[in-house]
Amino acid sequence: MDEMKDKVCVTGAAGFLASWLIKRLLSSGYHVIGTVRDPGDEKKLAHLWRLDGARERLQLVKADLMEEGSFDDAITHCHGVFHTASPVLKLSADPKKEMLEPAVEGTLNVLRSCKKNPSIRRVVLTSSSSTVRARDDFDPDVPLDESSWSSVELCQRLQLWYALSKTLAERAAWEFCNKNGIDLVTVLPSFVIGPSLPPDLCSTATDVLGLLKGEVKKFQLHGRMGYVHIDDVALCHILVYEQKRASGRYLCNSSVLDNNQLISLLSERYPSLPIPKRFDEQLRRPHYEFNTSKLERLGFKFKSIQEMFDDAVRSLVEQGHIDLSLISP
């Protein structure tokens with residue numbers, strides 16, 4: 001669909017996923033307008049300007065999730081929008097104020113700007129596999145697919161703020177787009193693993209680094225988790241944008257593993273790293289698998305769990321977070 005390779009908007013451009021998405025969009029010939037909170041923050045945005053094609057086909061503009069109309073200028077001349085920006089809960093924060101409201105209202109602000117632009121062909125929203133699996137009424141023998149939705153009541157009761165914010169934001173997006181005739185496709189990645197382009201590690205990459213250094217606290221809470229390569233998530237976004245027959249929701253996941261399965265694999269692959277030997281089984285989560293056949297029917301193939309962690313470790317070494325001497329030849 002070469003006619004679509006014109007101009008697209010990526011919200012939250014400096015983020016972990018958005019940076020990879022922009023990298024892939026530029027390499028595919030797109031013109032990209034990325035939204036950031038401070039276009040003048042040279043240190044935070046330097047990695048974007050180093051991307052191939054950035055000087056010729058990347059523009060960074062200011063926008064704020066909670067500011068009505070602030071995405072209008074960025075989206076005005078675009079044919080497509082990739083909404084990846086999402087708030088992250090801070091320590092000692094008010095979840096409703098810091099995460100839930102920005103997730104929902106920020107998404108609606110972006111979509112209101114899309115509604116003003118008749119040239120928009122499609123909007124791709126980054127949701128999460130947590131919008132599918134946070135429920136206690138599924139059959140563990142039947143893989144979860146895109147028809148599943150997380151329970152809002154369960155998320156509230158267990159204070160699963162990230163899953164709740166993603167679930168509420170995606171539901172609000174579908175309601176708005178269905179009402180206003182906007183072509184929406186949503187991508188539901190599992191836990192994203194891989195090289196970090198931004199110099200400051202996001203919470204996901206920080207969790208991975210902690211695990212490789214022997215910390216158990218954050219991963220202990222994961223229990224059973226799906227994993228996917230960052231590059232696969234970026235490529236998936238572009239695929240569902242370009243494929244005319246793409247519609248609805250798409251689970252984006254390569255492998256689902258229990259914590260102890262994961263550390264067994266990692267310990268064998270990186271014997272010199274102080275990876276934990278075992279996790280407490282008391283926090284075991286319900287068994288589940290993901291059915292990703294909908295995405296695979298579009299021709300998509302996932303990288304393996306080994307590939308995603310190899311690439312992540314290599315990146316952490318290059319950035320100085322892991323001592324090269326600890327990595328076996």
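Mind checking which residues of segment 228-253 are under 16 Å from the mean Cα position of the chain (by Cα) and either surrounded by fewer than 21 Cβ atoms within 10 Å (Cβ to Cβ) or over 26 Å from Leu21 (Cα atoms) (or both)? Passing the criteria: Asp231, Leu235, Ile238, Leu239. Select from segment 154-186 the residues that are within 26 Å of Arg122 (Cβ to Cβ) and among the polar types (S, T, N, Q) and list them in ascending order. Residues satisfying the conditions are Ser165, Thr167, Asn178, Asn180, Thr186. Among the residues making up segment 118-147, those that are of a type in the set (Gly, Ala, Ser) and within 22 Å of Leu239 (Cα to Cα) are Ser119, Ser127, Ser128, Ser129, Ser130, Ser147. Residues that are in contact with a Gly (Cβ under 8 Å, 6 or more places away or on another chain) and surrounded by fewer than 17 Cβ atoms within 10 Å (Cβ to Cβ) within segment 60-109 comprise Val61, Met66, listed in sequence order. A residue that is within 29 Å of His79 (Cα to Cα), among the polar types (S, T, N, Q) and surrounded by fewer than 19 Cβ atoms within 10 Å (Cβ to Cβ) occurs nowhere in segment 153-173. Considering only residues in segment 21-41 that are touching a strand residue (DSSP E or B) at 6+ places or on another chain (Cβ under 9 Å) and farther than 10 Å from Leu60 by Cβ, the one that is surrounded by the most Cβ atoms within 10 Å (Cβ to Cβ) turns out to be Leu21. Within the set Ser196, Ser165, the sole residue that is hydroxyl-bearing (Ser, Thr, Tyr) and outside any helix (DSSP H, G or I) turns out to be Ser196. If the condition is being under 14 Å from the mean Cα position of the chain (by Cα) and of a type outside the set (Val, Ile, Thr), then segment 170-196 contributes Glu170, Leu188, Pro189, Ser190, Phe191, Gly194, Pro195, Ser196. Among the residues of segment 266-279, which ones are in contact (Cβ under 8 Å) with a residue 24 or more places away in the chain, closer than 17 Å to Asp207 by Cα and assigned to a helix (DSSP H, G or I)? Across segment 266-279, the qualifying residue is only Leu266.
The conditions of being outside any loop (DSSP other than H, G, I, E, B), among the hydrophobic types (A, V, I, L, M, F, W, C) and either more than 24 Å from the chain's Cα centre (by Cα) or modelled with pLDDT of 90 or more (or both) are met by Leu262. Condition test on Ala46, is it under 19 Å from Ile22 (Cβ atoms), in a loop (DSSP other than H, G, I, E, B) and touching a residue at least 12 places away in the same chain (Cβ under 8 Å)? Answer is no for this residue.
How many residues are closer than 13 Å to Leu251 by Cα and part of a helix (DSSP H, G or I) if we restrict to segment 284-328?
If we filter segment 284-328 for residues that are closer than 13 Å to Leu251 by Cα, which is where we start, we get 289-298, 300-302.
Then drop every residue that is not part of a helix (DSSP H, G or I), which leaves 293-296.
Qualifying residue count for the region: 4.
For segment 50-58, check the following and say yes or no: at least one residue is in contact with a Gly (Cβ under 7 Å, 6 or more places away or on another chain), more than 17 Å from Thr107 (Cβ to Cβ) and without any contact (Cβ under 8 Å) to a residue 40 or more places away in the chain. Yes.
Take Leu100 and decide whether it is within 27 Å of Trp161 (Cα to Cα) and either modelled with pLDDT under 95 or within 21 Å of the chain's Cα centre (by Cα) (or both). So that I can check it myself, show each step before the final result.
Numbers: within 27 Å of Trp161 (Cα to Cα): yes; either modelled with pLDDT under 95 or within 21 Å of the chain's Cα centre (by Cα) (or both): yes.
Judged against the criteria, Leu100 is a match.
Screening Leu51 with (1) assigned to a loop (DSSP other than H, G, I, E, B); (2) at pLDDT below 95; (3) not small (Gly, Ala, Ser) gives one miss only, at (2). Look through Val228, Val233 and report the one residue that is touching a residue at least 24 places away in the same chain (Cβ under 8 Å), in a helix (DSSP H, G or I) and under 21 Å from Cys202 (Cα atoms). Residue meeting the stated conditions: Val233. Annotation: Val187 fulfils all but one of (1) in a helix (DSSP H, G or I); (2) touching a residue at least 60 places away in the same chain (Cβ under 8 Å); (3) under 30 Å from Lys5 (Cβ atoms); the unmet one is (1).
Being of a type in the set (Asp, Glu) and touching a strand residue (DSSP E or B) at 6+ places or on another chain (Cβ under 8 Å): is that true of Asp137 here? Give the derivation first.
Details: of a type in the set (Asp, Glu): yes; touching a strand residue (DSSP E or B) at 6+ places or on another chain (Cβ under 8 Å): no.
In short, no.
The values are calculated or read from the model by the stated rules, or taken from the named source; none is laboratory data. Just so you know, these numbers come straight off a predicted model, no measurement behind them. Positions of Cβ are generated from backbone atoms using ideal geometry, with glycine treated the same way; all protein chains shown enter the neighbour counts.
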